[in-house]
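Structure record follows, encoded as structure tokens.
The values are calculated or read from the model by the stated rules, or taken from the named source; none is laboratory data. Remember, predicted model here, so these are calculated numbers, not experimental data. Here Cβ is always computed from backbone atoms with ideal geometry, including for glycine, and neighbour counts include all displayed protein chains. Remember, those area values only see protein heavy atoms, side chains included, never the ligands or the DNA or RNA. Shrake-Rupley method; radii C 1.70, N 1.55, O 1.52, S 1.80 Å.
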Amino acid sequence: PKTTSSMAAHKPITYQRERTGKQKNEIFVDILERLNVLFSPSGLVLNSTIDGCIQMKSYLSGNPELRLALNEDLVIGKGGAYGSVTLDDCNFHECVQLQDFETSRTLSFIPPDGEFVVLNYRVTGEFRAPFRVFPAIDEVSPYKLDVTIRCRADIPETNYGANVVIRIPVPRNTASAGCELAQNAVGQQAEFSNTAKHVTWTIKKFQGNTEQTIRVKITLSDPATTNTRKEIGPISLNFEVPMYNVSNLAVRYLRIAEQGKAYNPYRWVRYVTQSNSYVCRI
């Protein structure tokens, strides 16, 4: 199957058909995973789940039956061998036939027109979090705090995080906050909102296997107390990683079940990982 960019889901799929007046035989498959991760101040994962789904947009003439094959080593529930792809649980669209699922991990179905969810799934337990956050607070003087946030992209260097937004709440008695980015920071910006009392650090393209750092110099209107430090954080991240998924669930193939069909449809397969609740305590 061909792959398409992460923005393709937002493009009008019907454009080609409207322009030519013909049905263009296409199938769009999205493997979408939303991550919930909670880190301790030292960067340990305290809690982590993946809420995933396989979505499909089908524009096929003749309403053919399709066969969608997933990883052969896919395990549902506990007890998978080390390295196998394990889902805690999953549920299927009512159109899906499961007679071959146990033996060959293949789903058969006649897709309804338009967009639908083939299956929803959930993964709990350990997985490789795509971004790790390492915060540090330094009390420079009673009125000054330095907060350093180091963020690491634990994804292959061929992948990247798109529009990564890191939000850092600061104490209520913050009078001002200056943001210092690395000298080689490209496509990054940071700003302090005095009304919302937080710093927003935006990284347009966060390349895999790299690290980025921000230093926030906070000036307080009153001397720092033990409560002042507690008002810093928790840090939250928003991001999307195109053509990457954490669970390693994969589409092996997507075929028309009937042999001898006169056409071979375009198949667009896309993997997207997004943050849902991605938080680091300080």
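Here is how the numbers come out for the structure above:
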| quantity | calculated |
| --- | --- |
| Loop GluC sites (Glu not before Pro), the range 73-162, which have at most 15 other Cβ atoms in a 10 Å radius of their Cβ (DSSP) | E94, E126, E157 |
| Shape category assigned to the range 205-282 from the gyration tensor of Cα positions, a/c cut at 1.5 | prolate |
| Reciprocal of mean inverse Cα separation for the chain (Kirkwood radius, Å) | 21.4 |
| Residue-by-residue Karplus 3J(HN,Hα) for the range 49-62, coefficients 6.51, -1.76, 1.60, Hz, glycine and proline x | 9, 10, 9, x, 7, 10, 9, 9, 10, 10, 10, 10, 7, x |
| Loop sites in the range 25-93: GluC sites (Glu not before Pro), DSSP, at most 15 other Cβ within 10 Å | E65, E72 |
| Protein accessible area in the range 80-212, 1.4 Å probe - carbon and sulfur % | 46 |
| Estimated 222 nm signal from helices in the chain, with DSSP H stretches of n ≥ 4 weighted -39500 (n - 2.57), rounded to 500 | -1000 deg cm²/dmol |
| Residue-normalised accessible area of the chain, given per residue in Å² at a 1.4 Å probe | 51 |
| Residues with amide H under 5 Å from that of G233, placed H, sequence gap 5 or more | V170 |
| Coil-residue trypsin sites (Lys or Arg not before Pro) of the range 31-137, DSSP, other Cβ within 10 Å capped at 14 | K78, R128 |
| Rounded to whole Hz, the Karplus (6.51, -1.76, 1.60) HN-Hα couplings of the range 86-92, x for glycine and proline | 10, 10, 5, 7, 7, 9, 10 |
